[in-house]
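Encoded as structure tokens, the structure appears first; notes follow it.
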């Protein structure tokens, strides 16, 4: 079988091709900036060239003189609308045109609008600002930072978890390490550029913009524009990569909406790749101190994880991964603390596995160091510390297949052939290293609504305001309906990415498949109930068989006894052309406000470590081989194997692809990605895809994903754990571990670059 | 203090063109109102639309374009063919790859006027009129060689170019010669599998 379509194992769905595959290979998938709008005007942003201070004067004459320029939106023009409110629907509280204060480099100072893209760009570049400039604070160690405790600063990060007496246990430990790690600033850089197209139809506003959160944006944009949310529509049928960057809305959206209103014409603003670094969010740089103490038997008795994270002056964005690292293994005692370090920077935000990527990297690199200190095999070290319950609240795991993942990945990788001696494995001029690490991601789920219609012709129309960011959510939602309604996938149309559809939660936190499929399941089951009732009613085709079990297959109601009736005939008997069900799913433990909050664009998340009965996580194990050139220290990753268990797999094809993409992200995090900050000016230096390095085709060779079967009914009705963010957790630590194995050099600061191996 | 507004002071195609011409004309003439007017007029002339004829997917398109219009923007904003994507506008990501006279070209790095009279093939021109997909398109579906799909038109056009250049003879070759097309979802192993599947049928197709 083709590697892209793994044969399903227990509790795994068929590897159907994506329902939108044909659109994507023919250029007919319309991303928001592709959607037509009549007599469009083009916008281009002008941004600040300082990171801290005030704009004292803007000179617009040259820009206005450019032929074709229609308008310039700047200070004073946004006074009648409200500033953004920092939160899950808004990337920042900075209203860049509300006042002249500059909080970060690359802050929007104006939007030039013109008849053509070329004229708009020319005008934007002719806008001249005069500033009263203050010396900015760039990052950690810069003069002028302000450090505050993170706990309680975000609803997602309530406390610094702890258990037992760390100090005493660490002091008494026979073997211990105390080390520091760091991860750099990273930018998502989805290949689709960020864009906003806005137009007005009377008092109705339509916005075409790539979004992971159309409902949240509708409500937040309406709040900013002081409108009824019913009059705002966000349209985002396809999203060209997101990775968290399109979760919160940025201030540009309202500015473009105002420009369209002033002109009475649609306005499209496509942000340049360079401007995106300052006008969107990013992964904050982090620092970590980790202390681990263990007995000579390898049992961990003490674990401490302290983290520091950069954020902006106005907004306290929390990364906060200690909730997961503090529960990863059966530590005897746990101490954690997270601090936020404020600087003159744009506000950071969610980027694929936001807390886990940096925090688990630090933990897993430390675990490898600890295994070395103990003289133990790193897999065995993890096996010894496998917990029965999580150490903080002593709750059981709803399911935890970490050891199965390690065993299957180790076998496929050939871990047994690894010579543990440092530098012992070579191939000509290449030093070979092998390493491994654990992946973990919390399993959350949120309320979600869906509408499903089954027609007498056997067609299904499925509507849900979720977002196709490349995960395959359209496909798996269609598969869920196909299974429950007994209708072939090509008879199902799936509509997503529009705030006029039934609301879905933000496509973040790996919740979409679980939340959407649970809602679709509920709608389909309501249709089944109606069909079965009608079929068995007096005069119905299956009258009299009330106590039977029924299923739907191939357009028929099939009883366990073998009797069957065509769905078409049941609908005709009901004298209807279609059955349509609108279902609202709320997870176990949802508050009475949960559905109201879904419509308000502020959905509750459940699961992870928040539930009473158990903690819910998906796990994986990743093994990598690195080859390091003896002379040049060039680092290659010719081989990577990951085994993951994530409950029910809806579609092995889309699941494998997501995990594969995650693992490659992990390689990028380990070896390539870093946004360099010019510490003098608090300015990003490498603001393009030439200098911001991401993995390319030639960086990846042999990659294997193993989907480990797992059944978990506790997580949600669909039995699904999210896996879009699992794949890139731990990878960088596995690479660091392999680099150590090859060279004896322990690299603790990412990314690992040739120069670190030369010294 | 006064400085260029934007952090985008780096040279790009557009300010290079307006910038160099005006600078060349303006530097020795500063301070003279008459000469300034002359400069403004020469800049205005630069922006005067130029009629450009492109053959796109075997159809003739006569477009009146600002001479600074890239081939990419001409396709998307003027010919209505939005299948070709803008990912960086700097020739760094490959999303805008099209075939010009059969060879792969980054359409964001080419002015439309430079392609007058040339044969441009975009993603919309690959499937046959009866809807049958090009073998490379089918192979991308078969091997799930995309996730979000945004870089996909560029990947497919580049893959066809790569095969026809003779650079798809081995997996290593494919990896190397497809590395100008970034896939942020990272479908790379699947892209290689797709090119391998379709290379035979693509040659000379």
Check your understanding: So which helices (runs of 4 or more DSSP H) are wholly in the stretch A:647-759 and hold at least 3 residues that are closer than 30 Å to residue A:586 by Cα?
Key -> A:652-671
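Would you call residue A:320 buried (at least 23 other Cβ atoms within 10 Å of the Cβ) and at positive phi?
Values: buried (at least 23 other Cβ atoms within 10 Å of the Cβ): yes; at positive phi: yes.
It is true that residue A:320 is buried (at least 23 other Cβ atoms within 10 Å of the Cβ) and at positive phi.
Looking only at strands (runs of 3 or more DSSP E) that fall completely inside the stretch A:26-140, which ones have 1 or more residues that are farther than 30 Å from residue B:124 by Cβ, in contact (Cβ under 8 Å) with a residue 60 or more places away in the chain and more than 9 Å from chain B (Cβ to nearest Cβ)?
On the way: elements: A:41-47, A:53-59, A:69-73, A:108-114, A:128-133.
Answer list for the stretch A:26-140: A:53-59, A:69-73, A:108-114.
Would you please name the residue that is nearest to the other protein chains (Cβ to nearest Cβ), looking only at residues in the stretch B:55-69 that are over 13 Å from residue A:118 (Cα atoms) and without any contact (Cβ under 8 Å) to a residue 24 or more places away in the chain? First the steps, then the outcome.
Step one: filter the stretch B:55-69 for residues over 13 Å from residue A:118 (Cα atoms), giving B:55-64.
Remaining after also requiring without any contact (Cβ under 8 Å) to a residue 24 or more places away in the chain: B:59-62, B:64.
Numbers: B:59: 15, B:60: 20, B:61: 16, B:62: 18, B:64: 11 Å.
Checked the stretch B:55-69; the qualifying residue nearest to the other protein chains (Cβ to nearest Cβ) is B:64.
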Practice item. Give B:182, B:191, B:156 a once-over and let me know the one that is within 11 Å of chain A (Cβ to nearest Cβ), closer than 27 Å to residue A:688 by Cα, part of a loop (DSSP other than H, G, I, E, B) and touching a residue at least 24 places away in the same chain (Cβ under 8 Å). Key: B:182
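If the requirement is being within 23 Å of the chain's Cα centre (by Cα), part of a strand (DSSP E or B) and farther than 22 Å from residue A:519 by Cβ, which of these qualifies: A:641, A:637, A:626? Let's see the steps before the verdict.
Working: A:637 fails: within 23 Å of the chain's Cα centre (by Cα); A:626 fails: within 23 Å of the chain's Cα centre (by Cα).
Step by step, each of A:641, A:637, A:626 is checked, and only A:641 is within 23 Å of the chain's Cα centre (by Cα), part of a strand (DSSP E or B) and farther than 22 Å from residue A:519 by Cβ.
Condition test on residue A:305, is it within 30 Å of residue A:403 (Cα to Cα), in a strand (DSSP E or B) and free of Cβ contacts under 8 Å to residues at least 60 places away in the same chain? Can you show your working first?
Numbers: within 30 Å of residue A:403 (Cα to Cα): yes; in a strand (DSSP E or B): yes; free of Cβ contacts under 8 Å to residues at least 60 places away in the same chain: yes.
Yes: the conditions hold for residue A:305.
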Point to revise | 3 or more residues within 30 Å of residue A:655 (Cβ to Cβ): qualifying strands (runs of 3 or more DSSP E) within the stretch A:512-572 | key: A:550-553
Check your understanding: Applying the selection to the stretch B:135-153, what residues are more than 7 Å from chain A (Cβ to nearest Cβ) and part of a loop (DSSP other than H, G, I, E, B)?
Key -> B:145
Check your understanding: Has the stretch A:177-184 got at least one residue that is over 30 Å from residue A:373 (Cα atoms) and outside any strand (DSSP E or B)?
Key -> no
Practice item. Can you give me the number of residues within the stretch B:162-179 that are more than 8 Å from every other protein chain (Cβ to nearest Cβ) and buried (at least 24 other Cβ atoms within 10 Å of the Cβ)? Key: 3
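From the list A:725, A:710, which residue is farther than 23 Å from residue B:95 by Cβ, away from chain B (no Cβ under 14 Å) and crowded, with 19+ Cβ neighbours inside 10 Å? Show your work before the answer.
Values: A:725 fails: away from chain B (no Cβ under 14 Å).
Just one listed residue meets the conditions, A:710.
Out of A:584, A:593, I need the residue that is surrounded by 14 or more Cβ atoms within 10 Å (Cβ to Cβ) and at pLDDT 95 or above. Which one?
Details: A:593 fails: surrounded by 14 or more Cβ atoms within 10 Å (Cβ to Cβ).
Exactly one of A:584, A:593 is surrounded by 14 or more Cβ atoms within 10 Å (Cβ to Cβ) and at pLDDT 95 or above, namely A:584.
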Exercise for review: Could you tell me whether residue B:7 is over 30 Å from residue B:178 (Cβ atoms), within 12 Å of chain A (Cβ to nearest Cβ) and modelled with pLDDT of 95 or more?
Suggested key: no
Check your understanding: Looking at the stretch A:397-405, is at least one residue surrounded by 24 or more Cβ atoms within 10 Å (Cβ to Cβ), assigned to a helix (DSSP H, G or I) and in contact with a strand residue (DSSP E or B) (Cβ under 6 Å, 6 or more places away or on another chain)?
Key -> yes
Practice item. Among the residues of the stretch A:145-176, count how many are under 29 Å from residue A:212 (Cβ atoms), in contact with a helix residue (DSSP H, G or I) (Cβ under 9 Å, 6 or more places away or on another chain) and part of a strand (DSSP E or B). Key: 1
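Quick grid of which residues meet (1) crowded, with 23+ Cβ neighbours inside 10 Å; (2) in contact with a helix residue (DSSP H, G or I) (Cβ under 8 Å, 6 or more places away or on another chain); (3) without any contact (Cβ under 8 Å) to a residue 40 or more places away in the chain; (4) not assigned by TED's automatic domain parsing to the domain that holds residue B:164:
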{"site": "B:71", "(1), (2), (3), (4)": "yes, yes, no, yes"}
{"site": "B:80", "(1), (2), (3), (4)": "no, no, yes, yes"}
{"site": "B:84", "(1), (2), (3), (4)": "yes, yes, no, yes"}
{"site": "B:87", "(1), (2), (3), (4)": "yes, yes, no, yes"}
{"site": "B:94", "(1), (2), (3), (4)": "yes, yes, no, yes"}
{"site": "B:114", "(1), (2), (3), (4)": "no, yes, no, yes"}
{"site": "B:120", "(1), (2), (3), (4)": "yes, yes, no, yes"}
{"site": "B:139", "(1), (2), (3), (4)": "yes, yes, no, no"}
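Restricted to the stretch A:423-448, and to residues that are part of a loop (DSSP other than H, G, I, E, B) and touching a helix residue (DSSP H, G or I) at 6+ places or on another chain (Cβ under 6 Å), which residue is surrounded by the fewest Cβ atoms within 10 Å (Cβ to Cβ)? Don't jump to the end; show me each part of the working.
Looking only at the stretch A:423-448, we keep the residues that are part of a loop (DSSP other than H, G, I, E, B), and these are A:423-425, A:428-429, A:443, A:446-447.
In the following step, the residues that additionally are touching a helix residue (DSSP H, G or I) at 6+ places or on another chain (Cβ under 6 Å) were identified as A:446-447.
Values: A:446: 28, A:447: 26.
Filtering the stretch A:423-448 for residues that are part of a loop (DSSP other than H, G, I, E, B) and touching a helix residue (DSSP H, G or I) at 6+ places or on another chain (Cβ under 6 Å), the one surrounded by the fewest Cβ atoms within 10 Å (Cβ to Cβ) comes out as A:447.
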**Study point:** Residue tally, condition over 23 Å from residue A:488 (Cβ atoms) and surrounded by 15 or more Cβ atoms within 10 Å (Cβ to Cβ), over the stretch A:544-572
**Key:** 2
Check your understanding: Checking residue A:259 against (1) farther than 30 Å from residue A:330 by Cα; (2) within 29 Å of the chain's Cα centre (by Cα), which single condition isn't satisfied?
Key -> (2)
Exercise for review: Would you point out which residue out of A:221, A:225 is surrounded by 24 or more Cβ atoms within 10 Å (Cβ to Cβ) and closer than 17 Å to residue A:73 by Cβ?
Suggested key: A:221
Revision key, fill the gap. Filtering the stretch B:113-134 down to residues that are away from every other protein chain (no Cβ under 11 Å) and either closer than 17 Å to residue B:164 by Cα or outside any loop (DSSP other than H, G, I, E, B) (or both) yields B:113, B:114, B:115, B:119, B:120, B:121
Point to revise | Subset of the stretch A:674-706 that is within 21 Å of the chain's Cα centre (by Cα) and within 8 Å of chain B (Cβ to nearest Cβ) - its residue that is surrounded by the most Cβ atoms within 10 Å (Cβ to Cβ) | key: A:695
Review point. Going by the conditions given, is residue A:277 within 14 Å of chain B (Cβ to nearest Cβ), within 22 Å of residue B:182 (Cβ to Cβ), in contact (Cβ under 8 Å) with a residue 40 or more places away in the chain and touching a strand residue (DSSP E or B) at 6+ places or on another chain (Cβ under 6 Å)?
Key: yes
Point to revise | Among (1) in contact (Cβ under 8 Å) with a residue 40 or more places away in the chain; (2) touching a helix residue (DSSP H, G or I) at 6+ places or on another chain (Cβ under 9 Å); (3) buried (at least 22 other Cβ atoms within 10 Å of the Cβ); (4) within 21 Å of residue A:252 (Cβ to Cβ), the one test that residue A:18 misses | key: (4)
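The values are calculated or read from the model by the stated rules, or taken from the named source; none is laboratory data. Predicted model, so just to flag it, every value in this text is computed and none were measured. Ideal geometry is used to build each Cβ from the backbone, glycine not excepted, and the neighbour counts take in all protein chains shown.
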